[in-house]
Amino acid sequence: MSEYAPMLNQLPLEIETVTSLRELRVFLARYEKEIFCDIELPAVHSAYWFANRGQFKELLSLDAELTANPTLQLFSEESLYVGRQHLRMLKPMYDQRMLQRFRKCVINGDAKGWNPIVFGMFLSIHSVPVREGLLQFGRQTWSGFINGIREQRDLPELECSLLLEEHMDRLPAWIENVVVESDFAPGTLKAKFR
């Protein structure tokens, strides 16, 4: 068990409270366990397969599940912002009917446009292999958190780089867990929400 394990459930999961490298480690450990591995990676994976199969209603259901999940509420503003920005960048892809339908649902308020869903759809549209895409999602997530806090709080660059490497080293195993788990239940919702 990690030296940070006793602190995991004692602090609120708020990035704004992080002021030191130790607090960043605690935050990332909780985020990895409670959100990234249990919600975000499975959601990207599910969105990828739903988009591949043309399962639009399932994408909307996944969006609604993420919206209803209380664990994500602290990060909803950021995730929705990134997801909607990504949708705006994909707007010129008029030939992608499912993407355009989803975008219209977001504009009309029928869907929120969570980043994991939009990212999964993007991977599907561009035929990115799922493991490679999940790796890219993880890289963006961890580097965004670690580099963002490093710059805001003037944390040591070397230690933050090592912390990023630690999270990147664990990422393939987490991805494999998501992919293998979903292989046992084909055609079902891949995300395992608490």
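When the range 110-152 is filtered for residues that are in contact with a helix residue (DSSP H, G or I) (Cβ under 8 Å, 6 or more places away or on another chain) and among the charged types (D, E, K, R), the ones remaining, listed by number, are Asp110, Lys112, Arg131, Arg139, Arg150. Residue pairs whose Cβ atoms lie under 6 Å apart, sitting 6 or more positions apart in sequence or on different chains, and linking a residue in the range 117-136 that is in contact (Cβ under 8 Å) with a residue 24 or more places away in the chain and within 17 Å of Met89 (Cα to Cα) to a partner that is part of a loop (DSSP other than H, G, I, E, B) and of a type outside the set (A, V, I, L, M), are Ile125/Gln96. Restricting attention to the range 31-64, the residues that are small (Gly, Ala, Ser) and crowded, with 22+ Cβ neighbours inside 10 Å add up to 4. Annotation note: of Leu87, Leu66, the sole residue that is in contact (Cβ under 8 Å) with a residue 40 or more places away in the chain and part of a helix (DSSP H, G or I) is Leu66. Among the residues of the range 102-115, those identified as in a helix (DSSP H, G or I) and either β-branched (Val, Ile, Thr) or surrounded by 14 or more Cβ atoms within 10 Å (Cβ to Cβ) (or both) are Phe102, Arg103, Cys105, Val106, Ile107, Asn115.
Each value in this text was obtained by applying a stated rule to the coordinates, not by laboratory testing. Since the structure is predicted, the reported quantities are computational estimates derived from the model, not experimental observations. Backbone-built Cβ (ideal geometry, glycine too); neighbour counts: all protein chains shown.
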